[in-house]
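Data first, discussion second: the structure below is written as structure tokens.
Just so you know, all these numbers are worked out from the coordinates, no wet-lab data involved. Please read all numbers here as calculations on a predicted model, not as lab measurements. A quick note on method: Cβ atoms are made from the backbone with ideal geometry, for glycine too, and the neighbour counts reach across all protein chains shown.
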Amino acid sequence: MALTDRTQPFLHALAPPLRADLLTLGAERSFAPGEHLMRESEPGRTVVVLLDGWSAVSISTGRSSYRLLLALRGPGELVGEMAMADGSPRSATVTALGPVRAVVVGIGSFRRFVSVHPEAGGLVMAQLASRLRGADEERRSLVSLTVLQRLAARLLEFAELQQPEGPGRETGDALPVDLAQHDLADAVGATREAVAKALRPLRDAGAVRTRPRRIEILDRSVLEVLAAGASLDF
């Protein structure tokens, strides 16, 4: 299970001349943390090309204000492209996690662009296929993995996104994940209470340390074993 698309981002996969042409079709916009790039159920009149920053894709559920986090989208990725295919309202909400810079392109202009440049259309179709496979994997994990196993996978993924491995960090350093427990619950597809319960054995095993709006990973190996689908006897 993964919130990020492992394929090359749409914009980066385009040949440089096509990339430049696409970016001239829209207007550059900046989004503040928490601002919506698009909302679920609204008309799909634009596609958005992310230049800098990360955004979260989520859908509403039947449980009051609870939302299910489906994916994270980052630099070079395209969001809102499904409107080009069927003209239906937005199927999800996309929200800026931090400062986001993007180019907003009208759906008509984007349709003409991919019709004139078949290679761009092929990349859109490949991206849609990859995301559908990712959605299938997410659904499978919701029924086959426990909350504890899903939580372990999410913690590892968020840690890698927030502080990638590199020469500036010692191997033994704690890996921080700056998220509140209700945000983790959205990412795992569980209640906040279930996530709080799953964190207890991880703390007892010395795998994590919890602070307000932060979880520090102390032992990756425990999380990696759980994320692979194994069970541990704490």
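Placing R0 at 22 angstrom, the Cβ-Cβ distance between Arg19 and Ala85 gives a FRET efficiency of 0.55 after rounding to 0.05.
Working note: Cα gyration tensor of the stretch 1-123, eigenvalues times five, square-rooted, sorted largest first, giving semi-axes of 24, 16, 14 Å.
As an exercise, use a Förster radius of 25 Å and the Cβ-Cβ distance of Glu42 and Arg101 to find the FRET efficiency, rounded to the nearest 0.05. The formula returns an efficiency of 0.70 here. Compute the separation of the alpha-carbon centres of the stretch 1-46 and the stretch 168-225 and state it in Å as a whole number. Centre-to-centre distance over Cα atoms comes out at 30 Å.
With only Lys, Arg, Asp and Glu charged, each at its Cβ (+1 for the first two, -1 for the last two), find how big the charge dipole of the stretch 10-143 is about the Cα centre; round to the nearest 20 debye. Numbers along the way, then the final one.
Numbers: 15 positive and 13 negative charges, 46 e Å.
Computed charge dipole of the stretch 10-143: roughly 220 debye.
The calculated FRET efficiency for Ser60 paired with Glu28, based on their beta-carbon distance and R0 = 30 Å, is about 0.55.
Positive end of the dipole of the chain (Cβ unit charges, origin at the Cα centre): among Leu175, Ser144, Thr7, the Cα lying farthest that way belongs to Ser144.
For the stretch 145-227, the Cβ-based charge dipole about the Cα centre amounts to some 360 debye (Lys, Arg positive; Asp, Glu negative; other atoms uncharged). Placing unit charges on the Cβ atoms of the charged side chains and taking the dipole of the chain about its Cα centre, the candidate lying farthest along the positive direction among Leu22, Gly122, Phe110 is Phe110.
Each principal axis of the chain carries a Cα extent, and these read 58, 44, 30 Å when sorted largest first.
Applying the Kirkwood pairwise sum to the alpha-carbon positions of the stretch 145-227 produces a hydrodynamic radius of 12.6 angstrom.
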